[in-house]
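Below: the structure, in structure tokens.
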Amino acid sequence: MRSVRAGIIGAGFIGPQHLEAVRRLGYVDVVAIAVSRAEEAKAIAEKLFIERAYGSYRELLADPEIEVIHNCTPTGLHYEINRAALEAGKHVISEKPLAMDSSQTAELVQVAASSGRLAAVNFNHRGYPMVQQARQMISTGLLGDVYLLHGSYLQDWLLYPTDWSWRLDPVTGGVSRAMADIGSHWADLVQHVTGHCITRLFADLHTLLPKRLRPTKRVQTFSGRTNEVHTEEVDIKTEDEAMVMFETDQGGRGSFLVSQVSAGHKNKLSFEINGSKASVRWDADDPDQLWIGYRDKPNERLSKDPSLVAREVAQYVHLPGGHSEAWPDALKNVMGEIYEAIQDGRTGPMNGNAFATFADGHRSARLVDVVLESAHRQTWVEVPTN
Ligand SMILES: NC(=O)c1ccc[n+]([C@@H]2O[C@H](COP(=O)([O-])OP(=O)(O)OC[C@H]3O[C@@H](n4cnc5c(N)ncnc54)[C@H](O)[C@@H]3O)[C@@H](O)[C@H]2O)c1
């Protein structure tokens with residue numbers, strides 16, 4: 001197996017997580033990091049033991065030794081950087097959301113197709129073993145026909161008016177916030193698990209905190225320390241919570257609630273699927289367990305254990321039963337499949353793989369656009385198929 005050289009653009013919260021995940025694969029050499037200032041890049045590179053530091057993403061893209069780009073910048077930069085990276089002949093692993101709206105993501109799908117390079121988007125929750133177990137049970141008919149898909153994604157890190165992030169500014173975060181940031185994860189995951197596609201929806205969005213205090217200096221995402229700096233009051237236009245009802249292409253019906261202002265919930269993504277024979281429920285707060293519900297016999301809780309999961313799922317399990325595998329491990333699983341494709345010279349996933357492509361990122365962006373339209377018009381809206 002040859003080693004692969006990669007560069008990471010953006011090194012706030014998620015960039016170092018990509019670094020750790022790919023270092024654990026063993027054959028990925030992250031040789032460079034880029035942020036928007038040379039001094040900061042140098043300090044981060046030293047701290048993270050990365051050889052080269054660039055003060056602009058364009059310098060990193062011009063490095064001929066780098067084959068793969070991880071785009072870990074704020075959402076407003078995704079389109080420009082993803083496009084430039086593909087045009088520079090690099091494979092691209094972009095953070096979600098793939099871009100600001102579906103017109104940008106449609107272009108990126110075209111650019112990726114003509115580049116001949118791999119173009120993936122990091123819907124990392126797909127990589128949890130028990131998520132894959134639920135997917136396998138549904139695809140092999142153990143749940144019967146899927147009737148209902150429901151759940152939520154709840155966080156509390158934007159509960160107070162003093163909480164601030166670039167995500168609150170539509171210029172850097174986009175016109176949708178809770179939906180694009182975390183609702184996109186929920187909808188992608190549930191469609192991935194069931195194989196259903198959301199075709200029609202009704203959404204209600206609400207900004208519970210219409211005014212917030214923006215720090216006059218930059219703050220680190222998720223640091224929770226914004227009350228220690230000088231601030232100015234700003235109007236907030238993006239949603240703190242979204243409620244969505246939907247129908248799928250295979251007759252499923254469902255709903256989800258996403259919120260960034262739900263006290264006590266740090267990063268709680270959960271879903272339940274009810275079928276004609278059985279149900280499954282998974283919760284990121286208890287990720288090694290899968291609840292399986294029956295009508296005519298006692299319910300079960302299946303624990304993540306290589307000897308208990310389906311044969312096809314065993315590749316996502318790396319530790320014996322009772323040894324937790326959680327968020328960083330799911331990310332590593334997804335990165336492993338992406339780099340395996342790069343090693344094999346493939347530009348997309350093999351049948352059964354968990355990783356998401358730019359086409360999935362486009363489908364997700366279309367859904368977010370329709371959520372915004374439905375909430376604005378207060379009516380059901382069809383999700384376009386192109
Ligand atoms: N998949 C997940 O679970 C997950 C989790 C968190 C964030 N994300 C996504 O990752 C992206 C980044 O989020 P974050 O929380 O890490 O943000 P962050 O603010 O913590 O980090 C952003 C980084 O980008 C850098 N940056 C800003 N402008 C730049 C430029 N012009 N050139 C190069 N670098 C630049 C910043 O210096 C910083 O290092 C977002 O799109 C977010 O949606 C995904």
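None of the figures in this text is laboratory data; all of them are computed from the coordinates on show. Here the structure is a predicted model, which means the values were calculated and not measured. All Cβ positions, even for glycine, are placed from backbone atoms using ideal geometry, and neighbour counts span all protein chains on display.
What the table shows:
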| quantity | calculated |
| --- | --- |
| Ranked packing of 249-257, 138-146, most packed first, by mean Cβ within 10 Å | 249-257, 138-146 |
| Fewest-first ranking of 369, 204, using other Cβ atoms within 10 Å as the exposure measure | 204, 369 |
| Residue range of the chain that is longest and free of GluC sites (Glu not before Pro) which are both DSSP loop and sparsely packed (at most 15 other C-beta within 10 Å) | 66-386 |
| Share of Cα-Cα pairs in the chain lying beyond 30 Å, as whole percent | 40 percent |
| Beta bridges by DSSP in the chain, antiparallel share as percent, to the nearest 5 | 60 percent |
| Gained length - residue 285 relative to residue 27, 0.36 nm times residue gap less alpha-carbon distance | 89.8 nm |
| Point-to-point label distance, residue 175-residue 253, nm (Cα→Cβ direction, 7 Å offset) | 3.0 nm |
| Whole-number percent relative contact order across the range 4-124, with pairs defined as alpha carbons under 8 Å at least 6 apart | 23 percent |
| The chain: relative contact order as a whole-number percent, Cα under 8 Å and 6+ apart | 20 percent |
| Cα gyration tensor shape for the range 261-386, rounded if a/c is under 1.5, else prolate or oblate | oblate |
| Rounded if a/c under 1.5, otherwise prolate or oblate - the range 72-160, Cα gyration tensor axes | oblate |
| Cβ-Cβ FRET estimate between residue 305 and residue 114, R0 fixed at 45 Å, reported to 0.05 | 0.50 |
| 26 Å Cα cut-off, lysine pairs counted over the chain (separation 8 or more, or different chains) | 28 |
| Rounded FRET efficiency, nearest 0.05, which uses the C-beta distance separating residue 200 from residue 295 and R0 of 35 Å | 0.75 |
| Rounded, prolate or oblate (a/c below 1.5 giving rounded, otherwise prolate when a/b exceeds b/c) for the range 1-98 by Cα gyration tensor | rounded |
| Karplus 3J(HN,Hα) series, Hz, for the range 36-44 with 6.51 cos²θ - 1.76 cosθ + 1.60 (x for Gly, Pro) | 8, 9, 4, 5, 5, 4, 4, 5, 5 |
| Inter-site label distance for residue 324 and residue 346 at 7 Å from Cα along Cβ, in nm | 3.2 nm |
